[in-house]
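Heads up: the structure comes next, in structure tokens.
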Amino acid sequence: MGERSLKTAIISDIHGNYPALIAVLDCIERDGISKIICLGDICGYYCMVNECIEELIKRDAICLMGNHDYYLSSDACCDSKTVKICIDYQKQIIKDIYAEWLSVLPLSMNDNNYSFRHGGWNDPLEERIEEFDFSVTKDMNENYFFSGHTHMQSIQKCGDKFYCNPGSVGQPRDHDSRAAYAVADNGVVELKRVSYDVEWIISEMKKTGLGDWIWQCLYEGKRIGE
């Protein structure tokens with residue numbers, strides 16, 4: 001098989017930000033990458049959740065469940081007031097077929113030499129990894145580990161083991177407002193960034209009547225309330 005078949009784009013934490021997702025997917029397509037793995041949190045925070053899910057389905061993306069996806073597709077709740085406001089809104093607008101689609105997403109996936117989660121290998125939904133604990137991999141056959149959830153791009157190595165967080169497509173938190181993702185190509189992983197139309201998603205958010213503190217962070221790539 002040719003080089004194109006070896007490339008995989010890894011995306012995460014879209015959070016209903018359709019303009020950011022489209023910008024990333026257009027770059028992925030231009031680079032000739034056909035395999036896309038989403039590490040979860042397709043929904044939450046921003047209002048274009050139906051558009052995001054529809055686009056991922058159209059592109060045949062392999063998707064895992066994130067904690068926000070779990071909140072939206074179940075009766076689970078979150079301690080965060082902001083998250084609850086956004087999830088309650090999205091429960092009103094999401095199409096039934098997409099809510100059902102979210103509810104059956106897998107929590108994890110192993111693919112050849114790669115292992116994927118939204119959170120981590122102790123808790124696939126809620127675990128936050130900043131410094132990866134490579135000891136959890138000692139009995140695992142995989143050498144490459146990918147997770148999201150923190151919205152912070154990261155590459156870490158220990159011996160022949162490799163960890164990557166591709167960052168957040170829809171709400172970066174590393175003071176870089178550009179949408180983030182990663183590309184894996186036959187064992188080589190590269191972090192990527194792309195600018196997108198921030199004003200588009202902010203315009204859509206203003207129509208919802210949800211608080212402006214939810215979207216102001218997008219201008220500077222910051223955490224909500226930072």
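The values are calculated or read from the model by the stated rules, or taken from the named source; none is laboratory data. Since we're looking at a predicted model, the values are computed, not measured. Cβ sites come from the backbone with ideal geometry, for glycine too, and all protein chains shown count toward neighbours.
Condition test on SER108, is it polar (S, T, N, Q), surrounded by 24 or more Cβ atoms within 10 Å (Cβ to Cβ), within 26 Å of CYS164 (Cα to Cα) and within 14 Å of the chain's Cα centre (by Cα)?
no
I need the full set of residues from region 23-58 which are out of contact with any Cys (no Cβ under 6 Å at 6 or more places or on another chain) and hydroxyl-bearing (Ser, Thr, Tyr), in order please.
Once the filter is applied, which keeps residues that are out of contact with any Cys (no Cβ under 6 Å at 6 or more places or on another chain) and hydroxyl-bearing (Ser, Thr, Tyr), region 23-58 yields SER34, TYR46.
Tally time: how many residues in region 111-121 are polar (S, T, N, Q) and at pLDDT below 95?
Residues that pass the stated criteria total 2.
Check whether at least one residue in region 57-69 is of a type in the set (S, T, N, Q), closer than 30 Å to ASN143 by Cβ and at pLDDT 95 or above, and report yes or no.
Yes, region 57-69 contains at least one residue that is of a type in the set (S, T, N, Q), closer than 30 Å to ASN143 by Cβ and at pLDDT 95 or above.
Any residue at all in region 161-172 that's part of a loop (DSSP other than H, G, I, E, B), on the phi > 0 side of the Ramachandran plot, within 16 Å of the chain's Cα centre (by Cα) and not basic (Lys, Arg)?
yes
What's the number of the condition GLY209 fails, among (1) of a type outside the set (S, T, N, Q); (2) more than 26 Å from LYS81 (Cβ to Cβ); (3) free of Cβ contacts under 8 Å to residues at least 40 places away in the same chain?
(2)
Filter region 74-112 for residues that are acidic (Asp, Glu) and farther than 20 Å from GLU126 by Cα and give the result.
At the first step, the residues of region 74-112 found to be acidic (Asp, Glu) are 75, 79, 88, 96, 100, 111.
Of everything in region 74-112, those that are acidic (Asp, Glu) and farther than 20 Å from GLU126 by Cα turn out to be ASP96, GLU100, ASP111.
Can you name every residue in region 204-226 that is surrounded by fewer than 18 Cβ atoms within 10 Å (Cβ to Cβ) and aromatic (Phe, Trp, Tyr)?
TRP213, TYR219
If you go through region 187-226 one residue at a time, how many are hydroxyl-bearing (Ser, Thr, Tyr) and either under 20 Å from the mean Cα position of the chain (by Cα) or at positive phi (or both)? Give the steps one after another, and end with the answer.
Of the residues in region 187-226, the ones hydroxyl-bearing (Ser, Thr, Tyr) are 195-196, 203, 208, 219.
Next, only the ones that are either under 20 Å from the mean Cα position of the chain (by Cα) or at positive phi (or both) stay: 195-196, 219.
Looking only at that region, the number is 3.
Out of the residues in region 147-160 meeting the condition of being hydrophobic (A, V, I, L, M, F, W, C) and not in a loop (DSSP other than H, G, I, E, B), tell me which one is farthest from the chain's Cα centre (by Cα).
Among them, the one singled out is CYS158.
Go through (1) under 25 Å from GLY120 (Cα atoms); (2) in a loop (DSSP other than H, G, I, E, B); (3) touching a strand residue (DSSP E or B) at 6+ places or on another chain (Cβ under 6 Å) and name the single condition TYR196 misses.
Status for TYR196: all satisfied but (1).
I'd like the residue in region 70-107 that is without any contact (Cβ under 8 Å) to a residue 40 or more places away in the chain and charged (D, E, K, R) and, out of all such residues, is farthest from GLY119 (Cα to Cα).
ASP96
State yes or no: is ASP60 at positive phi and in contact with a His (Cβ under 6 Å, 6 or more places away or on another chain)?
no
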